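Any read-out appearing in this document is the output of simple, stated calculations on the displayed coordinates, not a laboratory observation. Given the structure is predicted, the values throughout are model-derived calculations rather than measurements. Quick reminder, even Gly has a Cβ in these numbers, built from the backbone with ideal geometry, and neighbours come from all protein chains shown.
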Amino acid sequence: MQEAPAYFRVGMKIAGYKLFNKRSPIYGSADIINVCNLHCTHCYWWLNRKDQEELSVEQWKQVIENKFKKRHVFIVTLVGGEPTLRPDVIELFAKEYPNRVCVVSNGTFPLKKTPGVYFYWISIDGTQQVHDTIRGKGAHEKTRKNILDYIEKNGKKAWKDIWISMTINSVNYKTVKDVIEEWYPHVNKIGFQFHTPFMKGDPLWFPFGPDRTKLVDDMIALKNNYEDDYIINPKKQLELMKRNWGGRGTIPVDCPTWTILAVDHLGREKQPCCIGSAENDSMKPICEDCGLGCYSVFLSHGIKG
Ligand SMILES: C[S@@+](CC[C@H](N)C(=O)[O-])C[C@H]1O[C@@H](n2cnc3c(N)ncnc32)[C@H](O)[C@@H]1O
Ligand code: SF4
Ligand code: SF4
């Protein structure tokens, strides 16, 4: 019952958009830290990272009030850098947004059970050897251990708190089926997105064409082999990922950028989307080659830019 007003507001936001084309952010995303312990080959975050201060817990409380609560954002995703290195800020969000906070993590540090955190998105970018090519030697082993320890330590339902996120690129695409099979016995869900480049000719981008189309078709077929939406991407979203759905050059067109209010480590709004930046001289993601899951899922439900 306590959650009813929040659900009502989301319903109103979607109705407001469908009926009157009114645009108000539904989700939030916050880079709660300006530090990461890894330097993954595909990572957009390092491209625009500057050596700057971070916000205190008190300052984050102001951001929560003035940005997320003021605009009645429904769920906030905590990102970074590596957000588990700021447990103080995670606890604050969990208190201010109980059960409507998720944490995206590389899982290389022990995972803490924090009351009020809905679930962890843990990034896995392939089977062990391929994951380590992207994320660094030994990364897979640490992450796997931390996931299994969390599940063992936190009771019968703890497996429900772990969702896997894989970003598909030209190096790891052949491991998708193995990753699906490997994690099925352990975790609740698995979600996929595709690498989004910041420059043309990025060798990690998995080009549109027959190989990508075949992979997506295989993933759609695999979805039916698993119960309870283990593979969480809707079929319509996967279909979109076969080709350009987002924009032209670096300009979003159909991409519904307004659906997610994204702030950086200083609480400043990022443009054009959660992988962009608050600073004008930043490198820009290439919308026409975009594979991000969080926006394409809205588009697959008819919510456009
Ligand atoms: C920037 S990381 C921050 C959270 C945490 N450090 C982690 O690795 O999960 C958030 C997510 O963005 C993904 N990512 C990084 N660079 C990307 C890119 N160029 N295109 C699409 N996703 C990307 C990562 O794989 C990760 O799942
Ligand atoms: S762990 Fe996350 S933030 Fe750090 S480099 Fe890798 S993808 Fe980027
Ligand atoms: S999610 Fe970002 S990069 Fe992708 S189409 Fe939208 S604005 Fe462009």
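Net charge near GLY136, counting Lys/Arg +1 and Asp/Glu -1 over other residues with Cβ under 13 Å of its Cβ?
On the way: positive: ARG135, LYS137, LYS142; negative: GLU82, ASP125, ASP132, GLU141.
Within the 13 Å Cβ shell, the charges total -1.
Dipole magnitude for region 1-50: about 260 debye, using +1 per Lys or Arg Cβ and -1 per Asp or Glu Cβ, origin at the Cα centre. Straight Cα distances below 18 angstrom link LYS70 to the aspartates and glutamates GLU3, GLU58, GLU96, ASP264, GLU269, with same-chain residues fewer than 8 positions distant left out.
I want to verify the translational diffusion coefficient of region 24-300 in µm²/s; compute it with Stokes-Einstein, Rh as the Kirkwood radius over Cα pairs, at 25 °C and 0.890 mPa s. My calculation gives 129 µm²/s for D.
Rounded to the nearest whole Hz, the Karplus-based 3J(HN,Hα) values (6.51 cos²θ - 1.76 cosθ + 1.60, θ = phi - 60°) of region 295-305 follow the sequence 8, 5, 5, 5, 4, 5, 9, x, 9, 10, x, with x at glycine and proline.
Computed extension length for LYS142-PHE208: 20.5 nm, one decimal, from 0.36 nm per residue of separation with the Cα-Cα distance subtracted. Phi angles across region 4-11 convert, under the Karplus curve 6.51 cos²θ - 1.76 cosθ + 1.60 with θ = phi - 60°, into 3J(HN,Hα) values of 3, x, 5, 5, 4, 5, 4, x Hz, Gly and Pro given as x. Rounded to the nearest whole Hz, the Karplus-based 3J(HN,Hα) values (6.51 cos²θ - 1.76 cosθ + 1.60, θ = phi - 60°) of region 72-88 follow the sequence 6, 5, 7, 10, 10, 9, 9, 10, x, x, 9, x, 5, 7, 10, x, 4, with x at glycine and proline.
In summary, the aspartates and glutamates within cross-link reach of LYS200, defined as a Cα separation below 15 angstrom excluding same-chain residues under 8 places away, comprise GLU288, ASP289. Near the amide H of LEU261, within less than 5 Å, lie the amide hydrogens of ILE26, TYR27, GLY28, SER29, all on another chain or at least 5 residues away, with H placed in the peptide plane. For the chain, the list of Cys residues with no other Cys C-beta under 4.7 Å reads CYS36, CYS102, CYS255, CYS273, CYS274, CYS287, CYS290, CYS294.
Among the GluC sites (Glu not before Pro) in region 15-59, those placed in a DSSP loop whose Cβ has at most 11 other Cβ atoms within 10 Å are GLU53. Here's the picture: a label point sits 7 Å out from the Cα of VAL57 along the beta-carbon direction, and within region 74-89 the residues with their amide nitrogen under 16 Å of it are 84-89. Over the chain, with a Gaussian network built from C-alpha contacts below 10 Å, which listed residue (GLY191, GLY81, GLY249) shows the highest mean-square fluctuation? For the chain, modelled as a Gaussian network with Cα springs under 10 Å, the answer is GLY249. The H on the amide N of SER277, modeled in the peptide plane, is under 5 Å from the matching H of GLN271, each at least 5 residues off or on a different chain.
Could you work out the local net charge near THR250, counting Lys and Arg as +1, Asp and Glu as -1, over the other residues with Cβ closer than 11 Å to its Cβ? Kindly include the intermediate steps, with their values, before the conclusion.
Details: positive: LYS200, ARG248, LYS284; negative: GLU288, ASP289.
That works out to +1.
By other beta-carbon atoms within 10 Å, ranking CYS273, CYS43 with the fewest at the front produces CYS43, CYS273.
With respect to the cross-link table entries LYS61/LYS156; LYS18/LYS113; LYS67/LYS113; LYS95/LYS156; LYS69/LYS223; LYS137/LYS177, which display a Cα-Cα separation exceeding 29 Å? Where the Cα-Cα span goes over 29 Å, the pairs concerned are LYS61/LYS156; LYS18/LYS113; LYS69/LYS223.
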